[in-house]
1. I'd like to know how segment 35-85 sits against the 2.2 N^0.38 Å rule of thumb: what's its Cα Rg over that expected value?
2. Remind me, relative contact order of segment 382-464 in percent, using alpha carbon pairs under 8 angstrom and six or more residues apart?
3. Amide H of E86 versus every other amide H placed in the peptide plane: which residues, excluding those fewer than 5 positions away on the same chain, fall under 5 Å?
4. Cα atoms only: what Rg and Dmax, in Å, come out for segment 1-113?
5. Averaged per residue, what accessible area in Å² does segment 348-434 show with a 1.4 Å probe, protein chains only?
6. Enter the Cα centre distance for the pair segment 354-368 and segment 675-694, rounded to the nearest angstrom.
7. Under the √(5λ) rule applied to the eigenvalues of the Cα gyration tensor, what semi-axes describe the equivalent ellipsoid of segment 492-531? Give them in Å, descending.
8. Ignoring any ligand, DNA or RNA, what whole percent of the accessible area of segment 682-765 comes from carbon and sulfur when the probe is 1.4 angstrom?
Amino acid sequence: MSRELESGEVWKPCDPPSLPFETTAELDPEPRVIGQPRGLRAIELGIAVDSPGYNVYVLGDPGTGRTTAAQAYIERRARQLPVPSEWAYVFHFADPHRPRTLRFPPGKAALLREGMEALVETLLMELPQVFQSEPFRGAAHAIGETLSRKREAELSRLQDLGRVQNAAVVPSTEGLQIVPSREGKPLRPEQFASLSEAEQRAWRQGSADLQRSVEDGLRQIRQWEAQSHMELAEQVRGAAAGVVDRELASLRQVHAELPAVLGYLDEVAADLLENIDLFRPAHEDGDIPPAAARLTPSIQDPLRRYVVNVLVDHTRTTGAPMIVERHPSVPRLMGRIEHETSFGGGVSTDFTLIRPGALHRANGGFLILWARDLFSEAGSWDALERALAGEQFVPDDPAARSGAPTSSLHPEAIPIHVKVVLIGSPSLYYYLVETDEEFRNVFKVMADFDEVMDRNSESELAYAEFIAVRCRAEGVLPFGRGAVARVVEEGSRLAGSQTRLSTRFGAIADLLRESHHWARRSGRQVVAAEDVEAALRERRYLRDRAEERLRQEILTSKLLINVGGDAVGQVNALTVSTVGDHTFGYPTRVTAQTYAGKEGVIQIDREVELAGPIHNKGVLTLLGYLGGQYANPHPLSLTAHISFEQNYAGLEGDSAASTELFSLLSSLAEVPIRQRIAVTGSVNQAGEIQAVGAATEKIEGWFALCAAHGLTGDQGVVLPASNVSDLMLSEGVRQAMTEGRFHIWAISTVDEGLPILTGKSAVEIHRRVVDRLSRLARSAEPPPPSRRRTPAARKPGATRNRRGRKGTTV
């Protein structure tokens, strides 16, 4: 049966004496996540399972502690884990466009980088001195002297052959030239022309044999020069090898347990000796650029190949890294390849311009991302998903991706071993599960954070501990237990239930700060309940402009709502609206008109597409109720139009389905409904009233309007009985209920609501509806056929004149 609620049923207080402290200053709890056992266990699972794909998607509403919980747990876990490997890119001597990766134990990458810098600096300083030393210069001079003697001897031999052939062999820019001569002196062209034809012919024949000898001599000289060059190069390498090996020996010792690094150092040694001229004096006096200038070479400088580009340095890291990235563009996430403008305006790059990203820094540890940030950056989700699925990644090249004509690199991929924690909304999670076939393979763990928790003595004390932690962390005044009790009550109000507390601790923390402000203004050293009340009152005032404007439109009759009187087919439905972070209830007039016809129930808002699918379902449910209640044994025969008056913005939800049914039954029964009573509640086809959301806000919205008009003592609300435990009504409503100036009735069926709204029993209402439906059905029936006589057949050709006389048609 329906019943009127007592004021004590619409609010669950928190008794201050039940709290075991005077102020929160007496509490000293450890910071912890409250009310999220399921979400915490999921995070623990994802972190503990060391297998690919066990990354964690943390879903839940903002303010539920999901970010705090994830970061706090990961910080604790990261401190317990070893420091991960370091990574560096080095020059690939065999293929410069494919830089190689080197992996190091913690702290070793920087040692190689510094060692290579010291190596180059040392070689730039010491090798020129080696090449200027007396032993080296003497050996080089000896090689040169030997080559000169051989060259001069061969040239003398060729000149002797020439004299026999009346020819001179003289050096020229093109090598050795053969010219006619006599008595050892070259002939001028005019002198050679003055010779007889026979002499010229004989000379040419002899010079051909000489030419072959000269060519053989030149080949011999080139062989001696090549041999001399090789000997000099060996001398250079031999002189430099001692310095190079000496300097590399310390690096080899430091990295003796890293075969890949040792292999790289072997390649460095070989390349240094092949390119030792880079360290030789530029002039005979030995002048070379200062070493400091050569340690920061331009991209064209070949010494740049000996740089070690350390991407990840854990020299000062303790435990595993935890990286939080709030701007996860592709370059910031994956790393990037930068480019430099070279001389002449060209754009080029090399391995030293590879920069690390969040995945590099988090590798071996944890990476925390927000889904909203990730999906707002073009290409970031695809890049991350590919990296996690392939278990490796390479830096991004923005220039190549944009299609710019630049030189490109193909760096070796780095294996990925990272736990990604992605924080996002539930709707996005379920969307990805359904639409992205790879998503579940790379995010196998869902950490679901609830926005409410059970309300009991333990959770109320947990609220107090949370308040104590925030007060200590932020320098907020301690809260008295009366203030704590008031915060707990507000937590139930935010949760929309007397049996639950909200876990939106972000909103609770804001309330603590604002209450602290009001306590300071009042000169208190401990926050009191009235300070919390002042903060709530001020918060509502600052946010309720839209609600106040809507109420004023009703009070000035721009929106037609009656809070008194009776009307047929008219009910005040309670709806809810959210503007920003402020949710409020307000009434909407629902009207119904019924008349004879065959069209059934027509919901005007549905017909003009102002109603959403859930609301439309509620309307169709009415047809099921009407059919089950009144269509036996005869089918229904009526037309009914139902409308939410002055609705221009659309409807959604089925919480007004009972209101539409009451207005329809009122119109059919021709019985007026009390306009001073507003209604909320869903209904099923059996006529049972079902729970709705935001019951507290709806009731308070109707109460505020009635209070603005003036409470008359007979105003109130009808709501589902299943919503009673959800009510956390304001003190003003509770006081009016205690004084009998406002009423709330709880019903479970349509029949329980009819007497409250009409003053008549449900049986009488149903009888009137049946009678009306019968009348409508009869009025809609077609009239019976008439019994008029069929006119007698006329004879062919017979007709009548205007006066009825028969005549003949000619």
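1. Taking the Cα Rg and dividing by 2.2 N^0.38 Å, one obtains 1.20.
2. Value for segment 382-464: 30 percent.
3. F104
4. Both quantities, over Cα of segment 1-113: 26.3, 89 Å.
5. Accessible area per residue, segment 348-434: 41 Å².
6. After rounding, the separation between the Cα centres reads 54 Å.
7. After scaling each eigenvalue by five and taking roots: 24, 11, 6 Å.
8. Whole-percent figure for carbon plus sulfur exposure: 48.
The values are calculated or read from the model by the stated rules, or taken from the named source; none is laboratory data. Source: prediction; values computed, not measured. Accessible surface areas use protein heavy atoms only, side chains included; no ligands, DNA or RNA. Shrake-Rupley method; radii C 1.70, N 1.55, O 1.52, S 1.80 Å.
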